[in-house]
Every structure is written in C-alpha cells, then in structure tokens.
C-alpha cells in the first residue's frame, strides 16, 4: 500500500466529509463533520494541522488539530488557557486496521512539535490513544476525571493549567 499523508487543501473538504461519514457509522459522522466545519470556520483553522491520508489518489483518512482554550476559573482571565485540540480522526472502514490511523496520529503529533501550545487535548477511546503518549487529563489535575479526557503533553511542566477543564 502506497500511503501519502499531506496537509488538507481547499478541494479536499467533500472527500473528508465522506470519509468521516463512513467512519462514524453510529451517527453518519454528523457531529464529527460539524466539529470539522466549526474548526474550519473558527478563525483558528491551521491547514498544516489538518492531514489527509491517500492511497492511490483516493482519500482514505483524515485527522485535524486546532487551537482551543481550556475552560474554568473565569475570575482569573490572565491564566494561560490556549492548547491544541485533536478533533476527529477517521479512516474509511475498508482501510481500517492497516495502520493508517496510527500513521495519521504520528504525523499530526510530529507536526505539532515546537508549537507554543503546551499540550494536545482530546476526548477519545482510552484503549487507543495511550499508545501515542496520551494520558488521562486527571494525571495533570485537569478536568473532568474520566478515561476519555486525555492529554498529550508538549512540555514537561503543565502545572499552570491545573484545575482547568478540557474544551467540549
């Protein structure tokens, strides 16, 4: 399999929407496609952090990361809050279990290295993401304390963020 991972381009949106729809069969990818569109129109969209996986020129996967803000403690507006949020990662069902999702994760986590944000946050499967270095948010005193709230640290010290909540 000849896999190409590249940044999203303007013409990729329909193929990404279809991959997402087919990957999230429980709801036809409706919420996940809404999340992707919200990121694209938020003013925080970074095309180099929206990656497409292709096999033979066909879009078979996608992952997106964008800046977001942690929530909580409104009485302290100067507290640092900016992080990176990993949105949906999707692979066409017939291409799943071939390592494409893992390749997309490694590529996007490599792309975020050196950015000013201190961490990547996500809501996801607690059995899948730890293999890439994600850890429970509670380990960093971030909320909520649930197995699906996870952090990929980009710095050694995240204590300035303790007590804040992951974006929804």
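Of note:
- Folded to 0 to 90 degrees: helix 13-23 orientation relative to the chain principal axis, Cα: 80
- Distant alpha-carbon pairs in the range 118-163 (separation over 15 angstrom), percent: 32
- Fraction of the pair-distance distribution of the chain above 27 Å, Cα-Cα pairs, percent: 23
- Crossing angle, helix 100-112 versus the chain [Cα axis fit, 0-90 degrees, rounded to tens]: 50
- Against the chain, whose longest principal axis is taken from its Cα atoms, helix 30-41 shows a tilt of about 70°.
- Exposure proxy ranking for 95, 132, based on other Cβ atoms within 10 angstrom of each Cβ and starting from the fewest, stands as 132, 95.
- Ordering 22, 104 by the number of other Cβ atoms within 10 Å of each residue's own Cβ, fewest first, gives 22, 104.
- What the Cα atoms of the range 1-82 give is an Rg and a Dmax of 15.5, 53 Å.
- By the count of neighbouring beta-carbon atoms within 10 Å, fewest first, 62, 143 end up ordered 143, 62.
No value in this document is a laboratory result; all are computed from the given coordinates. Predicted, not measured: the structure shown is a model, and the values here were computed from it. Because the Cβ atoms are built from the backbone with ideal geometry, glycine has one as well, and the counts that use them run over all protein chains shown.
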